[in-house]
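Q: What follows is a structure written as C-alpha cells; I'll ask about it next.
The values are calculated or read from the model by the stated rules, or taken from the named source; none is laboratory data. What you see is a predicted model, and the numbers here were worked out from it, not measured in a lab. Please note: Cβ atoms are built from the backbone with ideal geometry, for glycine as well, and neighbour counts cover all protein chains shown. Heavy atoms of the whole protein, side chains included, go into the accessibility calculation; ligands, DNA and RNA do not. Shrake-Rupley method; radii C 1.70, N 1.55, O 1.52, S 1.80 Å.
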Amino acid sequence: MLMLSMMVVVIAVLTVGCGSKNNTNTATTEGNAAEASKEAVTLSLGLLPSIDAIPFVIAHEQGFDKKHGVNLDIQTFKSAKDRDVAFQAGKLEGISADLVAISIYNEAGLDVKITSTTFGEFDLLTGYDAVQDVKDLKGKTVILSKNTSTQYTVAMMLKQAGLTEDDITVTEVPQIPTRLELLKNNKADAAILPEPFVTMGKASGLRVLSSTHTAGVNPFVLAFPQTAIDAKADAIRNMYAAYDEAVAYMKSHDQSEYIDLVIKEVGYPETLKDEIKVPDYVPANQVDVKEVEAAFAWAREKGLLSKNISAEDVISDVQFKK
C-alpha cells in the first residue's frame, strides 16, 4: 500500500510537470507569434493596378513581408491623380511613380526620393497596316496623356526612330480605357498603353510597335519622401527583402499558382487568362542615373522642371548605393 501510494504521488507530480511544460511551450509559441506581429512595422504603399505592383502584392499575400519584419499596407488607386491626392495628404509613405512625376514633385518642393526601379511597361500599339514601325508615325496621330511618363516614353521612342514630337499629332486622352477604345475604332493611328490594356488590344487585333522594354526606356520607380526614409529605413530595407523573395517565388512556381491574383490586381479580363504573360521579374535594383537625367532633361524642355535638381539629388541610398 505504501509503494502504491508513492507511485500515485510520482505520477501526479509528473503529470503536473508535463502539463506545466506544455502550457509553458504553448504560451511561449503564442508569445513569440504576438511579438513577431508586434515587431512588424507597417509601411503604406500607394500602387497603381499595373504589372509593377505584382511582386509587392505577392510579398504581402504570401506573408513574406511579415517574415522580414514589415507589414505592407498596400493601397491600390485607379489613377495617378487619386494616388497623388492620398500621397500629398500624408496617407501614403511609398508610391509607385515615374521619373516625370518625381521631377514634378520636387519642383513643387516635395523632397521625394527614388529608392528603386520597378518593373512596369508601356507599349505603343497601332491598328493600321500602313504603320509597321515607329518611323511610320510621321504625320500620324498618337493618343497619350500630356506632361506624363506616357508622353516622355513616346518622345524617346520617336527619337530612336529619327523623329521628334513635332512629327506627330498628339491626341490627349488621360483615360486609359478610352485610349484603347479610340484606337480600336480607328480614331487614331497609335496609342501608348499599359497592361492589361496591351493584352486586351492585341486580343482585338492591334499590334505592338514598340515598348519601354524593347526601347530600353524605364521611367518606373518606387519613391518615398525623405521623412519616411529617415523614420523607417529598416522597414524599407525589409520591404525589399520581401520583394526579392516574391520574385524568387514567381520564378520557382508555375504561373497558374498565382495568375488569379494577377488578374484581380491588374484588372485583366478573365477571358484573357490564357493570353497573359507575367513578366520575368528580377530582384529590385536602383534606378540608372542616366535614365533620371534623360527624363529630367525632357521635363525641363516641357517647362515641368525649372529648379536646378540633379539625378543624385533625388536618388536615395537607403537600400542601394547611388
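Q: For the pair Ala231 and Ser204, what calculated FRET efficiency results from E = 1/(1 + (r/R0)^6), where r is the Cβ-Cβ distance and R0 = 51 Å, to the nearest 0.05?
A: Working: r = 47 Å, r/R0 = 0.92.
Computed FRET efficiency for Ser204 and Ala231: 0.60.
Q: Still on this structure, please answer the following. What part of the accessible area of the chain, given as a whole %, is carbon or sulfur when the probe is 1.4 angstrom? Walk me through the numbers on the way to the answer.
A: Details: 8450 of 15960 Å².
Carbon plus sulfur share of accessible area: 53 percent.
Q: If you take the charge dipole of the chain about its Cα centre, with +1 on Lys and Arg Cβ and -1 on Asp and Glu Cβ, which of Ile315, Gly120, Leu305 is farthest toward its positive end?
A: Towards the positive end, the residue furthest out is Leu305.
Q: Next question. Could you order Thr199, Thr148 so the one with the most accessible surface comes first? Probe is 1.4 Å. Don't skip to the answer; put the middle values down first.
A: Working: Thr199 10, Thr148 40 Å².
Highest to lowest solvent-accessible surface, that is Thr148, Thr199.
Q: Between Glu293 and Phe320, what is the spin-label point distance in nm, taking each point 7 Å from the Cα along the Cα→C-beta axis?
A: 1.7
Q: Under the 0.36 nm per residue contour assumption, what length would be gained going from the current alpha-carbon distance of Asn285 and Asn308 to full extension?
A: Working: separation 23, 0.36 × 23 = 8.28 nm, distance 2.58 nm.
Computed gain between Asn285 and Asn308 is 5.7 nm.
Q: Hey, can you find the accessible area per residue of segment 122-211 for me, probe 1.4 Å, expressed in square angstrom?
A: Working: 3900 Å² over 90 residues.
Solvent-accessible surface per residue comes out at 43 Å².
Q: Here's something else I'd like to know. Using R₀ = 35 Å, calculate the FRET efficiency as 1/(1 + (r/R₀)^6) where r is the Cβ-Cβ separation of Thr42 and Glu275; round to 0.05.
A: Details: r = 36 Å, r/R0 = 1.04.
Taking R0 as 35 Å, the efficiency between Thr42 and Glu275 is 0.45.
Q: Compute for the chain: radius of gyration divided by Kirkwood radius, i.e. Rg/Rh, restricted to C-alpha atoms, rounded to two decimals. Please report the intermediate quantities before stating the final value.
A: Working: Rg = 25.8 Å, Rh = 22.0 Å.
So for the chain, dividing Rg by the Kirkwood Rh gives 1.17.
Q: Another question about this same structure. Structure shown: which of Lys113/Lys321; Lys146/Lys302; Lys66/Lys232; Lys159/Lys202; Lys67/Lys113 lie over 19 Å apart, alpha-carbon to alpha-carbon? Kindly include the intermediate steps, with their values, before the conclusion.
A: Values: Lys113/Lys321 13 Å; Lys146/Lys302 10 Å; Lys66/Lys232 15 Å; Lys159/Lys202 25 Å; Lys67/Lys113 26 Å.
Beyond 19 Å between Cα atoms: Lys159/Lys202; Lys67/Lys113.
Q: Given the rule -39500 (n - 2.57) for each run of at least 4 DSSP H residues, summed and divided by the residues of the chain, what is its mean residue ellipticity at 222 nm, to the nearest 500 deg cm²/dmol?
A: Working: 13 runs with 143 residues, N = 322.
Value at 222 nm, helices only, nearest 500: -13500 deg cm²/dmol.
Q: For segment 150-301, go through all pairs of different Cα atoms, get the mean of 1/r, take its inverse, and jot down that Kirkwood value in Å. Please list the in-between numbers first.
A: Details: mean 1/r = 0.0547 Å⁻¹.
After inverting the pairwise mean of 1/r, the radius is 18.3 Å.
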